[in-house]
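What follows is a single structure, written as C-alpha cells, with notes after it.
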Amino acid sequence: MPWELPCGIFLPYYRLFIHALFFLGLIVARSKMKCHQYPFVLLLLACLGAISCESGKKPKKLELDPEAHIKAEGERTFERGTILDPLAIHGRAPESYALYLPKGYLTGYTWPTVLFFDPKGKGSKPLERYKDLADQFGFILIGSNFSRNGKPMEEALEHINALKHDLPAGIKIDPFRIFLIGFSGGARVAVADAIANADVAGVVGCGAGFPQLKENVELSFNYMAMVGRQDFNYAEFAVLDKELSARGSNHILIEFEGKHAWPKDKQMLEAFKWMTVYSYSQGEVIDMGLMDSLYKSDVKHLLKIENSEDLRSIVQFYKKMIFLYKGLAKVEEQEKRLEMLTISSAYKAYESELKTVLAEEMKSRSEYTRQMAQKDHQWWEKEVAKIRKEIENQSNLLVKYSRQRLLAYLSISSFMQIEAALNRGFLPQAKKLLYILNLVDPQNPDYYYLSAKLMLKQGKKEQAVELLKEAARYGFDDWETLNDERIFDPVRSYLNTIQ
C-alpha cells in the first residue's frame, strides 16, 4: 500500500548518537587503546551518525523537551490509565473536569487531546466509554463537568479556553492537535468554540448539529457528524450535510444503528481513526503498522457492504474512506465508484424517497405537537399503538426508522412540555403530558423523576421518594441537577440512599 513515509523517521536516534559520542570518548581517554584500534571506534561512530541523519524534506518537528526529567520533579504527577475526576481549574471554582492520560503517556512530549462535552455536564461519562480508544491511539482525554445544557454559551466558551490553556504543568497537549467531541447540546457547544477559535483541529458532533450560523461564517476546522438512524435529530443532519457540501466544507457524515445517545466505542472508533490520520497528514510520524491495519480493515468492510441494498451506507463509506485516506493512500478507485453510484438511477430514487419520508416525518411531528394539549388519553393510546404496529410490520427501513424517530421525538417533546408546565404550576397539564411520555417511552427514567416532582408539588413526599427509587432503577443519573432544585428539599435526606 503506497503510504507516504515522512522523512526524518530516525530523528529520535539523534540523542542516542550524542550519548554514544560521549561514552566512547571516555572509553578512549581512560583506556589503553592502541592507535591501530581507533579506526574501529571511528567506524562505529560513523554508523551511529548515519542512523541519526535526516534526508529529504524536514517533517513537522517532534515536541521533545530535553529537560522534562528535571522539570517533572517540581510538577504534579498524574496516574496513567485511570480517570481522575474531579480536577479543579485554578482560579475558576467551581469549574472542574475529568482527565484520562493514556497508559502509554510519557512526559516530555506533547500529546493530541480530545475535549468532551456531555449535555448533563458529566465529564467522566465519555472518558469511561472511550478510554480504551485513547490507549490504542494515544490521546489525552478531558471531559468538562461545567459545560451542560442551559449554560450560557459565553460561560461555556470561557471554560473551554481554560481547559485548553490552564491545565497543570505536567499535562502537555499539542496545540495543533486539539479536537472537540460533544453529544447533543454539547455538540453545539463544541462547534461554537471551533467557530470562535482557530486553535481547534477538528470537531466530532454527535446527535446534534451546528448552532445557528450566519451565512458568512468561515469554517476553518474539519468536521465529523455522527448520528443514529433512530435519533430524533436525524433529519437535521440530512439538511446539514447538504449545506456543508454546498459550502465546500471539509466534513463527513457517519450514520449508525442507534438512538439519541453517546455513540458506542465501535462507532466512536471512526472518530479516533480520523483524528489519527489527520495527525499523519500534518506531518506527524506515521505508525505504519497501525495505518496499514486501519486501511485494510476498512477495505474488508467495504467488500462486505458493496453488494448490499443499503445504498446510503455504501455512499457514506466511500466518502469516509476518501475523507480519511486521501493524500496518504490511493483512493482513486473509491472516488470513481462513488461518482458512478451517486449518478445512478437507483441512488437518485433512494434519495428522493428519503426526502419524501423526512418531509412526512416533520409534518407528523408538527401535527402531534399540536395535539398534545388537546387530545385525551384514549386518542393517544390509539395513535401510539398505531405507530408501534407500523414499526413492527414495516419492511421498508426508511419508513421504519422514521416511525421510530417519531416516537423518540414525542418523548423529548413531552419531556420539555412537562418541565415547562411544572415550572409554571400547570399541574393538570403536566399530569396529562406525563401520561403521554409514559406511553411513548415507558422505560425513560425522566418519567419517574418528573412524576416525583409533580408529587412534591402536591405535597406527597412518600410517593415522590418511591418514584425517585424507580428513576434510579431505570438509570437516572442527573443527580447534580436534582440536588440544585429546591423542590426536592423535603426529600433531601433520602437522596443519598437512593442514588
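Take the alpha carbon atoms of segment 363-393, find their center, do the same for segment 456-499, and report the distance between the two centers in whole angstrom.
30 Å
With a sphere of radius 11 Å drawn around the Cβ of P263, what net charge do the other residues whose Cβ falls strictly inside it have (Lys, Arg +1; Asp, Glu -1)?
After counting each charged neighbour, the total is -1.
Within the set K151/K273; K122/K172; K242/K326; K432/K469; K266/K320; K242/K400, which residue pairs have Cα atoms separated by over 27 Å?
With Cα atoms farther than 27 Å apart: K151/K273.
Relative contact order for segment 348-498: what is it in percent, counting Cα pairs under 8 Å that are at least 6 residues apart?
Normalised by residue count, the contact order of segment 348-498 is 17 percent.
Using 0.36 nm per residue of separation minus the Cα-Cα distance, give me the extension gain between K326 and A420 in nm, one decimal.
Taking 0.36 nm per residue and subtracting the Cα distance, the gain is 28.9 nm.
What is the Cα centroid distance between segment 136-199 and segment 219-284, reported in whole angstrom?
17 Å
What translational diffusion coefficient, in µm²/s and rounded to a whole number, does the Stokes-Einstein relation yield for segment 70-149 at 25 °C and a viscosity of 0.890 mPa s, taking the hydrodynamic radius as the Kirkwood radius over Cα pairs?
The diffusion coefficient I find is 188 µm²/s.
Report, to one decimal in Å, the Kirkwood hydrodynamic radius for segment 354-499 based on all distinct Cα pairs.
One decimal place: 16.4 Å for the Kirkwood radius.
In whole percent, what relative contact order does segment 190-281 give with Cα contacts below 8 Å and a gap of six or more residues?
Computed over segment 190-281, the figure is 27 percent.
In square nanometres, what is the average projected area of the Cα convex hull of segment 238-394?
12.5 nm²
Where a number appears in this text, it was derived from the coordinates with a stated rule and is not lab data. Fair warning: this is a prediction, and the values are worked out from it, not measured in the lab. With ideal geometry, Cβ positions are generated from the backbone for all residues, glycine too; neighbour counts draw on all protein chains shown.
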